[in-house]
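Structure first, commentary second.
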Amino acid sequence: LNLKKMDPDMRRCFEYLKMTSRSFCAVIMALDEDLRYGVCIYYLVLRALDTVEDDMTIALDTKCALLETFYQKLNVVGWNFNNSKEKDRMVLDNFQIISSEFRKLSPAFQQIISGSCRDMGSGMAQFLKRKVIDSMTEWDEYCHYVAGLVGIGLSRLFVASGLEEPIVGSDERLANSMGLFLQKTNIIRDFQEDTVQDRLFWPREAWIKYGASQKSLLSPSNMHNSVACLNELVTNAIQHIPDVLTYLGRLKNQSVFNFCAIPQMMAIATLERCYNNPDVFRMNVKIRKGEAVLMIGNSTSIELVKEFMDKYCLSIARKVPENDRNASATRVALQAGLRNK
Ligand SMILES: CC(C)(C)CN1C(=O)[C@@H](CC(=O)N[C@@H](CC(=O)O)C(=O)O)O[C@H](c2cccc3ccccc23)c2cc(Cl)ccc21
């Protein structure tokens with residue numbers, strides 16, 4: 001891809017992409033022509049929305065209003081948001097560059113991206129007012145807003161670009177599962193850093209069986225219960241694996257397949273590291289860069305992806321403690337992931 005040919009504002013958008021997510025930028029740059037620009041802008045717009053949601057220095061009512069109307073800013077020439085303190089604030093400081101490139105996309109792409117932001121912004125505002133995530137159903141609902149909708153939006157972009165068949169965009173349950181698998185993995189992995197910042201993303205219906213509060217899961221004296229709660233949430237997340245494999249199996253375009261498969265591979269490798277691992281309550285459990293590079297190279301076909309999925313599911317199965325109250329549910333969920341050959 002030569003950045004030379006690109007107009008200066010689009011080139012700046014790829015610079016922002018590189019700054020916000022180095023490794024993933026390369027995967028987006030590898031997408032076929034039209035999709036590359038559409039996904040780059042979509043990613044940056046979502047990063048801007050996420051940066052607003054994460055910014056604890058913005059007053060609640062201001063933040064909710066901004067989230068609910070954010071999609072309209074895509075059509076406000078010159079609009080920026082300079083009050084962010086977040087690390088990714090550059091996408092908000094320079095939002096007018098991103099929105100000017102957004103307005104050059106095809107009407108179909110604009111409609112998909114704008115509609116996705118509208119639904120996501122209102123869902124985020126809804127959950128900001130609720131403060132905690134109560135039931136497992138609410139956990140699915142929250143993850144639908146912040147990640148499931150991304151799967152649905154991306155699937156529509158893949159179809160609108162002509163690179164994937166209509167079923168990829170119409171089967172919203174599978175597209176949603178792609179997002180839920182990634183987001184549930186992030187929430188499980190980020191427990192320690194979120195909890196110390198008073199961000200409560202673990203569903204109350206889960207931790208209430210193992211402790212008085214989400215924070216109480218951090219105490220070393222409660223570690224056996226905390227790990228049991230962790231195992232329960234990992235068991236919940238791996239139930240999305242059959243849908244993920246079905247979705248990936250439908251993709252025809254190689255660049256789209258790689259773009260979709262790589263984050264899913266990172267997620268199953270992360271879940272495998274997190275399962276039954278007390279370190280989740282002490283630090284952010286990251287997969288080793290070497291392992292990630294190996295996976296990126298091997299996420300190019302559904303056969304290879306299934307082999308990787310099987311390897312990680314078997315590794316989790318070997319770690320299931322006999323006395324874990326969810327042991328049988330975990331084994332059943334892993335079997336479903338394996339049987340999807
Ligand atoms: C919350 C999230 C999972 C949706 C974030 N999300 C992803 O995690 C990125 C990966 C990413 O950003 N990796 C970063 C990790 C990080 O920054 O922590 C990296 O540096 O490797 O992938 C997803 C993503 C890619 C491909 C298909 C998807 C289907 C459904 C939902 C999301 C899908 C993503 C695609 C778009 Cl367009 C926008 C955001 C995302």
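The values are calculated or read from the model by the stated rules, or taken from the named source; none is laboratory data. Owing to the predicted nature of the structure, the values given are computational and were not obtained by experimental measurement. Glycine also receives a Cβ, built like all others from the backbone with ideal geometry; neighbour counts cover every protein chain displayed.
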Exercise. Only one of Asp198, Asp194 is away from the ligand (no atom under 16 Å from the Cβ), among the acidic types (Asp, Glu) and without any contact (Cβ under 8 Å) to a residue 12 or more places away in the chain; which?
Worked result: Asp198
Exercise. Where residues in the range 116-138 are within 14 Å of the ligand (Cβ to nearest atom) and in contact (Cβ under 8 Å) with a residue 40 or more places away in the chain, which of them is surrounded by the most Cβ atoms within 10 Å (Cβ to Cβ)?
Worked result: Met120
Problem set entry | Failed criterion for Gly162 (all others in (1) in a loop (DSSP other than H, G, I, E, B); (2) within 14 Å of the ligand (Cβ to nearest atom); (3) of a type outside the set (A, V, I, L, M, F, W, C); (4) free of Cβ contacts under 8 Å to residues at least 60 places away in the same chain hold) | (2)
Problem set entry | Neighbours by Cβ (under 6 Å, 6+ apart or cross-chain): first from the range 238-264, within 17 Å of Ala26 (Cβ to Cβ) and of a type in the set (Phe, Trp, Tyr); second within 10 Å of the ligand (Cβ to nearest atom) and assigned to a helix (DSSP H, G or I) | Phe259/Val27
Problem set entry | Per-region count, the range 165-179, residues away from the ligand (no atom under 12 Å from the Cβ) and out of contact with any Ser or Thr (no Cβ under 9 Å at 6 or more places or on another chain) | 4
For this session: Give just the number: which of (1) within 22 Å of Ala147 (Cβ to Cβ); (2) at pLDDT below 95; (3) part of a loop (DSSP other than H, G, I, E, B) does Leu31 not satisfy?
Result: (2)
Exercise. Which of (1) in contact (Cβ under 8 Å) with a residue 24 or more places away in the chain; (2) within 14 Å of the ligand (Cβ to nearest atom); (3) part of a helix (DSSP H, G or I) does Glu291 not meet, given it meets every other one?
Worked result: (1)
For this session: Six or more apart or on different chains, Cβ under 6 Å: which pairs go from a residue in the range 8-25 that's within 13 Å of Tyr37 (Cα to Cα) and within 11 Å of the ligand (Cβ to nearest atom) to one that's among the aliphatic types (A, V, I, L, M) and assigned to a helix (DSSP H, G or I)? Could you list them?
Result: Cys25/Leu17
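Identify all residues within the range 107-136 that are hydroxyl-bearing (Ser, Thr, Tyr) and out of contact with any Gly (no Cβ under 8 Å at 6 or more places or on another chain); write none if there are none. Explain how you work it out, then say what you get.
At the first step, the residues of the range 107-136 found to be hydroxyl-bearing (Ser, Thr, Tyr) are 114, 116, 122, 135.
Ser114, Ser122, Ser135, listed by residue number.
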Exercise. Lys87 versus (1) assigned to a helix (DSSP H, G or I); (2) of a type in the set (Lys, Arg); (3) within 16 Å of the ligand (Cβ to nearest atom): which is the lone unmet condition?
Worked result: (1)
